[in-house]
Amino acid sequence: MKKQFLFRVLNNVGVSSLLRSQKRNVITVLSLHRISDESDYFWNPIRPESFEQLLQYLQQHYTIICFRDIAEYLDQPIVDKPLLILSFDDGYYDFYEHALPILLKHGIKANHNIVNACAGDNQVIWTQRLNTLFSHCMKQKVELSFSHERESWKLADFQGNWMPFYQHSYRVFCRIPYTERLSMIEEKEQMFNISTKARMMNWEEVIHCARQGIEIGSHTYHHDVLSTITDRDILINEIVRSKTELESRIGMPVTVLALPNGQAHADIDEIAALAGFSHILYVGEKVNEMEKYQVAGPVHSFRINLVEESLPEMILRTEMFHAKLKRHA
């Protein structure tokens with residue numbers, strides 16, 4: 001409660017306005033995932049009500065665009081309101097169910113980056129399956145442990161604290177090749193007799209989003225961690241095949257590539273350029289200088305991640321308060 005009171009006070013005394021006034025000639029890109037009333041201790045969706053409140057704030061103080069609009073503003077270095085892009089990942093159905101109607105209601109644009117395998121046969125991304133596994137074990141008070149090669153770890157190693165246990169597990173899984181990662185998760189799913197019920201948008205729904213003005217981008221074909229891929233042909237398949245299929249499905253150019261889990265690969269820029277991508281999206285609490293969009297080839301854009309928090313805290317996070325605090329800590 002003290003924390004939320006502090007965020008309210010900071011907003012009321014104008015800290016968010018002061019920080020926003022420093023955003024000249026930059027683009028703020030927000031990274032969003034699920035918009036849902038469901039709760040997830042490890043990756044909490046933004047509630048539709050909170051999302052709409054956030055949009056009302058953003059619409060009042062920002063010019064909200066898509067990546068495809070950036071070129072229009074390159075010769076206009078100073079705008080009345082700073083530029084901002086809403087960028088969604090993964091293709092959860094709750095975007096179609098909750099976020100899209102709110103965006104259309106307010107006439108707001110957004111980018112959404114789709115995982116082809118999810119749209120094709122409702123595969124659920126590995127991170128959601130990991131969250132479901134952890135949530136089940138935490139609620140049921142089940143002892144969970146993992147081992148991979150010479151490394152093993154369990155809840156007791158973290159004094160019974162689930163969040164650091166989850167965060168450590170996530171980081172380790174991001175280093176493990178795709179098939180091994182899935183095998184480890186599937187082993188635990190079978191052990192505890194659980195399955196992930198999250199629904200992803202199908203192709204029909206993705207196409208409908210595109211026709212409603214949502215800028216569709218690629219989140220790769222299988223949502224693999226690209227830094228773990230050693231076979232160049234597989235890497236090309238994840239990037240190029242995803243783009244080709246998306247464009248065929250929606251009948252529009254796909255120029256945005258969002259890297260799953262923010263993990264890059266040494267060959268990303270080359271492959272993305274050959275495929276025809278203009279933008280590569282990373283994770284990182286940074287804003288993006290306009291001048292970098294003047295160059296040819298894929299431009300790296302950083303995104304500020306948002307999850308369900310109080311409105312004052314989401315506003316301050318958008319205005320880089322948390323990032324500045326970390327840098328000066």
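The values are calculated or read from the model by the stated rules, or taken from the named source; none is laboratory data. Since the model is a prediction, treat every value here as computed from it, not as a measurement. Here the Cβ is made from the backbone with ideal geometry for all residues, glycine too, and neighbour counts use every protein chain on show.
I'd like to check something: does region 229-246 contain any residue that is surrounded by fewer than 20 Cβ atoms within 10 Å (Cβ to Cβ) and touching a Lys or Arg at 6+ places or on another chain (Cβ under 6 Å)?
No; the residues of region 229-246 include none that is surrounded by fewer than 20 Cβ atoms within 10 Å (Cβ to Cβ) and touching a Lys or Arg at 6+ places or on another chain (Cβ under 6 Å).
So which of LEU274, LEU316, LEU281 is of a type outside the set (S, T, N, Q) and either in a loop (DSSP other than H, G, I, E, B) or more than 23 Å from PHE51 (Cα to Cα) (or both)?
The match here is LEU274.
Say we look at region 286-321 and pick out the residues that are surrounded by 16 or more Cβ atoms within 10 Å (Cβ to Cβ) and of a type in the set (Asp, Glu); which of these is nearest to HIS61 (Cα to Cα)?
Selected residue: GLU319.
With MET184, MET201, MET252 as the choices, which residue is modelled with pLDDT of 95 or more, among the hydrophobic types (A, V, I, L, M, F, W, C) and within 17 Å of the chain's Cα centre (by Cα)?
Among MET184, MET201, MET252, only MET201 is modelled with pLDDT of 95 or more, among the hydrophobic types (A, V, I, L, M, F, W, C) and within 17 Å of the chain's Cα centre (by Cα).
Out of ILE176, ILE236, report the one residue that is out of contact with any Phe, Trp or Tyr (no Cβ under 6 Å at 6 or more places or on another chain) and outside any helix (DSSP H, G or I).
That would be ILE176, the only listed residue that is out of contact with any Phe, Trp or Tyr (no Cβ under 6 Å at 6 or more places or on another chain) and outside any helix (DSSP H, G or I).
Kindly check whether there is at least one residue in region 270-278 that is touching a strand residue (DSSP E or B) at 6+ places or on another chain (Cβ under 9 Å) and surrounded by fewer than 18 Cβ atoms within 10 Å (Cβ to Cβ).
no
Could you tell me which of the residues ILE207, ILE216 is in the same structural domain as LYS243 (by TED's automatic domain parsing), crowded, with 16+ Cβ neighbours inside 10 Å, of a type in the set (Val, Ile, Thr) and touching a Leu at 6+ places or on another chain (Cβ under 7 Å)? I'd like the intermediate steps shown before the answer.
Numbers: ILE207 fails: touching a Leu at 6+ places or on another chain (Cβ under 7 Å).
Checking each option against the conditions leaves just ILE216.
For residues that are over 29 Å from MET290 (Cβ atoms), basic (Lys, Arg) and surrounded by 12 or more Cβ atoms within 10 Å (Cβ to Cβ), tally how many sit in region 1-48.
Adding up the residues that qualify gives 3.
Does region 78-95 contain at least one residue that is closer than 19 Å to GLY217 by Cβ, surrounded by fewer than 18 Cβ atoms within 10 Å (Cβ to Cβ) and in contact (Cβ under 8 Å) with a residue 60 or more places away in the chain? Walk me through how you get there before you give the answer.
Step one: filter region 78-95 for residues closer than 19 Å to GLY217 by Cβ, giving 83-95.
Still in the running and surrounded by fewer than 18 Cβ atoms within 10 Å (Cβ to Cβ): 93.
Those still in the list that are in contact (Cβ under 8 Å) with a residue 60 or more places away in the chain too: 93.
Yes, region 78-95 contains a residue that is closer than 19 Å to GLY217 by Cβ, surrounded by fewer than 18 Cβ atoms within 10 Å (Cβ to Cβ) and in contact (Cβ under 8 Å) with a residue 60 or more places away in the chain.
Taking region 208-221, which residues are in a helix (DSSP H, G or I) and touching a strand residue (DSSP E or B) at 6+ places or on another chain (Cβ under 9 Å)? Explain how you work it out, then say what you get.
Step one: filter region 208-221 for residues in a helix (DSSP H, G or I), giving 208-211.
The answer is CYS209, ALA210.
Find the helices (runs of 4 or more DSSP H) located wholly in region 1-62 whose residues include 3 or more that are at pLDDT 95 or above, and list them.
Helices (runs of 4 or more DSSP H) meeting the threshold: 48-61.
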